[in-house]
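Take a look at the structure below.
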Amino acid sequence: MINDNMHLKNFTEILVDEAINKLWINYDGKCKCDRCRMDIKAIALNHLPPKYTVTDKGEVFAKLNSFKNQIYVDITKEVVSAMETVKRKPSHE
Ligand SMILES: [Zn+2]
């Protein structure tokens, strides 16, 4: 039975987005375009384990917060390091 309230989510991706949003203001790379931002996201996600979870809407925040407590330090570290990589060597001219 398919329920419209059910969602398959990668919590790691949600938290990487959140970390990038927070750190983006302080990102001092030459280029701050969408491409660079997505490159940062891709690099960070490639260094982190995915965390797929099926939730219905009401459950998302409780589950996400508990996972966040476990992994947020790692996520922040990987996003900061991905920002350094893209800053040194943007993938476009
Ligand atoms: Zn760029």
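Read-outs: derived from the displayed coordinates by stated rules, not from any lab. Just so you know, these numbers come straight off a predicted model, no measurement behind them. Heads up, the Cβs are rebuilt from the backbone with ideal geometry, glycines too, and the neighbour counts pull from every protein chain shown.
Quick notes on this structure:
- Taking the charge dipole of the chain about its Cα centre, with +1 at Lys and Arg Cβ atoms and -1 at Asp and Glu Cβ atoms, the residue from Ser66, Ala44, Ser91 reaching farthest to the positive side is Ser91.
- Here region 47-93 is treated as a Stokes sphere of Kirkwood radius computed over C-alpha pairs; at 20 °C and 1.002 mPa s its diffusion coefficient rounds to 167 µm²/s.
- Under the convention that each Lys and Arg Cβ holds +1 and each Asp and Glu Cβ holds -1, the size of the dipole of the chain around its Cα centre is about 280 debye.
- Efficiency of FRET between Asn10 and Asp56 - r from beta-carbon atoms, R0 22 angstrom, step 0.05: 0.85
- Taking 4 °C and 1.567 mPa s as conditions, the chain diffuses translationally at an estimated 91 µm²/s according to Stokes-Einstein applied to its Kirkwood radius (Cα pairs).
- The chain: calculated mean residue ellipticity at 222 nm from DSSP helix runs of at least 4, using -39500 (n - 2.57): -20000 deg cm²/dmol
- Within the chain, the longest segment free of exposed loop sites, counting trypsin sites (Lys or Arg not before Pro) that fall outside DSSP classes H, G, I, E and B and have at most 14 other Cβ atoms within 10 Å, spans 33-93.
- Each of Ser81 and Arg35 was given a label point 7 Å from its Cα along the Cα-to-Cβ line. The distance between the two points is 2.6 nm.
- Where a label projected 7 Å from the Cα of Asn46 along Cα→Cβ would reach, residues of region 8-33 with amide N under 19 Å: 12-14, 16-17, 20, 33
- Reachable aspartates and glutamates from Lys41, criterion Cα separation under 13 angstrom, eight or more residues apart if same chain: Glu13, Asp17, Glu18, Glu78, Glu84
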